[in-house]
1. Taking only the stretch 174-198 into account, find how many residues are more than 15 Å from the chain's Cα centre (by Cα), within 17 Å of G50 (Cβ to Cβ) and surrounded by 19 or more Cβ atoms within 10 Å (Cβ to Cβ).
2. Could you say which residue among E188, E203 is over 12 Å from V144 (Cβ atoms) and of a type outside the set (A, V, I, L, M)?
3. Got a number for residues in the stretch 21-56 being more than 17 Å from M214 (Cβ to Cβ) and either in contact with a Lys or Arg (Cβ under 6 Å, 6 or more places away or on another chain) or assigned to a strand (DSSP E or B) (or both)?
4. Being of a type in the set (G, A, S), more than 16 Å from the chain's Cα centre (by Cα) and within 29 Å of K115 (Cα to Cα) narrows it down to one residue among A59, A88; which is it?
5. Of all residues in the stretch 54-79 being of a type in the set (V, I, T) and without any contact (Cβ under 8 Å) to a residue 60 or more places away in the chain, which is surrounded by the fewest Cβ atoms within 10 Å (Cβ to Cβ)?
6. Taking the condition of being at pLDDT 95 or above and touching a Lys or Arg at 6+ places or on another chain (Cβ under 9 Å), how many residues in the stretch 184-197 meet it?
7. If you go through the stretch 170-228, how many residues are touching a residue at least 24 places away in the same chain (Cβ under 8 Å), among the acidic types (D, E) and farther than 24 Å from Q2 by Cα?
8. Could you run through the stretch 199-214 and say how many residues are over 12 Å from the mean Cα position of the chain (by Cα) and crowded, with 17+ Cβ neighbours inside 10 Å?
Amino acid sequence: MQYKRILLKLSGEALMGERQYGIDPKRLAEYAKEIKEVVAKGIEVAIVIGGGNIFRGVAGAANGMDRVQGDHMGMLATVINGLALQSALEDEDVHTRLQTALEIKEVAEPYIKRKAIRHLEKGRVVIFGAGTGNPYFTTDTAAVLRAIEIDADCILKGTRVDGIYNTDPEKNKDAIKFESITFKDVIEKGLKVMDMTAFTLSEENKLPIIVFDMNTNGNLLKLVSGGKIGTIVEN
Ligand code: GTP
């Protein structure tokens, strides 16, 4: 296996599947199966999930809502997604723990780094909910932060595009995909991988980011087994 401990970042939107809003149980079950395959190989898996399928703080602010209020709603949305993913994984007999950056003790464990690492060592999937627990930070930033804290080998950003291109592949047929690219080149070329807070945190801490298509069955396993999937961003 290429990696021992990974942090998988899933977008909330991805959970919508074909829907316009909320959670598609079929998509959730597919993700759980993909994750189970990787856990079965002995890889330690931590997950950060977004909340955009339910609520985005930025969108709320654009409509006149107080940004902090909106971000709190977004954080709670990630907890809802975390609970859903936890259920789907348990349906696949995968042991999981959900830890949240905001204390909601009756619902999930509070985030404690050392406990999270012990869970991972015991083969449990750890889902981190409520982002960083602070407004103005994205779940990408939460993913990088947690990955650094738990000393993950890399961050796998599951998207619907199979990597990083020189131009938008959904708009331009001639777009060229990078197999690997440096953090510096991403910035120089003006490519969008993550927001700058997340991106520079990753760069400073030499945490590779791999962008890949999470919606193709078997991709996650191929990737952690060393297959040439997606695009890797490294120093
Ligand atoms: P070990 O230390 O390996 O025994 O880990 P563990 O998670 O099995 O032990 P613990 O006794 O801490 O947790 C047992 C169960 O309670 C697990 O499902 C935890 O997720 C859950 N749990 C632990 N702490 C909290 C909490 O603060 N709130 C909630 N809602 N559940 C918790």
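1. Residues meeting the conditions: 0.
2. E188
3. Looking only at that region, the number is 1.
4. A88
5. V58
6. 2
7. So the answer is 1.
8. Residues meeting the conditions: 6.
The values are calculated or read from the model by the stated rules, or taken from the named source; none is laboratory data. These numbers were taken from a predicted model, which means no experiment stands behind them. Methodologically, a virtual Cβ is constructed for each residue, glycine included, from the backbone with ideal geometry; neighbour enumeration extends over all protein chains shown.
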